[in-house]
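Chemist: Before anything else, here's the structure in question.
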Amino acid sequence: MTTFWIAVVPGDGIGPEVISAAIEILEAACGLTGGFALKFQDAPAGAGTYLEQGEALPASTFETCRQSDAILLGACGLPDVRYPDGTEIIPQVTLRIKLDLFAGIRPAATIPGITPTLHGGPPIDLVIVRESTEGIFASLGGGVVLRDEVATDIQVITRRGTERVVRSAFHLARRRARPEPRVTCVDKANILRSFAFFRKVFDEVAQEFPDVVADHLYVDAAAFELVRRPSRFDVLVTENLLGDILSDLTAGLVGGMGVAPSGDIGPDHAVFQPCHGTAPDLIGKGIANPIASILSAAMMLEYLADCVGEEAPRMAAQRIVKAVHQAIKSGEAITHDLGGSASTRQATQAVLSQLNRVES
Ligand code: ATP
């Protein structure tokens, strides 16, 4: 039986609350499905760790993450805790860079029982693949402010970085196997050379996947279409900042940050975390929505299944997703952000009860 080692970075704010809910669900799903085991190892990082230890991502934490099979992360950073230069504590971004987690997978799918932000239209089921190691974010810590008059940050798009993220988007479209698999390249190729290059490389890689439809949209048109006709999309692939912005938009379409999961996947490592941040306004109130973390944990199981070529973790993942859908449909997991009154505990308990009922 395969045992997977999971590094757990609870982080700050509501991070620990939602991550403990996700672990409870993972343990239950693993026990019910069988065929694999999970071992969790604490990996402290974030603003609290910075205050205690003087480092946001201590070497021991990084080592635990590096040696794990996957990393489960809550959320890191607090508005009042900053480095002396005023910048925020963001070990999750450091992990992305140091572990080469180039593909940010941000699914957005309609969950029956959640009133959609925009009423009407067919269900949404799309994934944004956000390049996560380059783009304008590559300028992190390297921008220049000249004489308090001019500021610059440089966008970096490489052939290698683009080829690998585009390839992963096409592979994902194949695995999702929609009736007409499609990957949409989102850029601003009409204005910037770096984006025109991104599109050119996209078109080259698309030739390797004749079974998948390849199309393009400028980012402004993509934003419009995502609001107007989101059901038309399957997989979208884009630059780092554009993906950052559009994935918040798509999270908004299907219920908000409380239900939006994500995975940042590289050649040898992967981090799974809710799309939301630390939500300082909710700390200690017990009302944070745990669904985004629980769905991120299910994505982690899918990833582990792919890594080892075993079906048991995938079955557990499917069981979790079904249980989440049933718990929401029943009304018992509708938290405050979704217009309900369930607490974090009640929502978690509702998913736990459904886990026992649904089949994987
Ligand atoms: P960051 O700046 O890192 O994105 P943040 O907490 O300021 O972090 P979001 O995570 O986008 O920003 O959250 C914005 C608001 O949405 C929060 O202040 C909170 O009110 C709400 N929110 C976010 N996550 C949740 C959640 N899991 N459950 C309920 N409400 C949430």
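Chemist: Residue check, residue 349 against (1) at pLDDT below 95; (2) out of contact with any Phe, Trp or Tyr (no Cβ under 8 Å at 6 or more places or on another chain); (3) away from the ligand (no atom under 11 Å from the Cβ), all met but one. Which one?
Modeler: Result: residue 349 passes all but (1).
Chemist: Any chance you could count how many residues in region 90-112 are within 18 Å of residue 322 (Cα to Cα) and out of contact with any Gly (no Cβ under 7 Å at 6 or more places or on another chain)?
Modeler: Final tally of qualifying residues: 5.
Chemist: Kindly indicate whether any position in region 164-171 is assigned by TED's automatic domain parsing to the domain that holds residue 244, within 19 Å of the chain's Cα centre (by Cα) and either small (Gly, Ala, Ser) or assigned to a strand (DSSP E or B) (or both).
Modeler: Yes, because at least one residue in region 164-171 is assigned by TED's automatic domain parsing to the domain that holds residue 244, within 19 Å of the chain's Cα centre (by Cα) and either small (Gly, Ala, Ser) or assigned to a strand (DSSP E or B) (or both).
Chemist: Let me ask something additional. Residues in region 262-300 that are part of a helix (DSSP H, G or I), among the small types (Gly, Ala, Ser) and more than 10 Å from the ligand (Cβ to nearest atom): how many?
Modeler: Result for region 262-300: 3.
Chemist: Would it be correct to say that residue 248 is assigned by TED's automatic domain parsing to the domain that holds residue 167, within 11 Å of the ligand (Cβ to nearest atom) and surrounded by fewer than 21 Cβ atoms within 10 Å (Cβ to Cβ)?
Modeler: Yes, satisfied.
Chemist: Give, as residue ranges, the helices (runs of 4 or more DSSP H) completely inside region 1-113 that count at least 2 residues that are touching a Lys or Arg at 6+ places or on another chain (Cβ under 7 Å) and closer than 20 Å to residue 301 by Cα.
Modeler: 15-33
Chemist: Every residue in region 56-88 that is modelled with pLDDT of 95 or more and among the acidic types (Asp, Glu), please.
Modeler: 63, 69
Chemist: Identify all residues within region 317-345 that are β-branched (Val, Ile, Thr) and within 19 Å of the chain's Cα centre (by Cα); write none if there are none.
Modeler: If the condition is that a residue be β-branched (Val, Ile, Thr) and within 19 Å of the chain's Cα centre (by Cα), then 320, 321, 324 are the ones that fit.
Chemist: Can you tell me which residues in region 166-217 are among the aromatic types (Phe, Trp, Tyr), surrounded by fewer than 19 Cβ atoms within 10 Å (Cβ to Cβ) and either under 21 Å from residue 155 (Cα atoms) or at pLDDT below 95 (or both)?
Modeler: Within region 166-217, just 197 meets the criteria.
Chemist: For region 321-346, give me each residue that is of a type in the set (Asp, Glu) and away from the ligand (no atom under 11 Å from the Cβ).
Modeler: 332
Chemist: While we're on this one: Is it fair to say residue 237 is in a strand (DSSP E or B), in contact (Cβ under 8 Å) with a residue 24 or more places away in the chain and of a type in the set (A, V, I, L, M, F, W, C)?
Modeler: Here the answer is yes, as residue 237 does meet what is asked.
The values are calculated or read from the model by the stated rules, or taken from the named source; none is laboratory data. Quantities reported herein were computed from a predicted structural model and do not represent experimental measurements. Glycine gets a Cβ as well: all are built from the backbone with ideal geometry, and neighbour counts include every protein chain shown.
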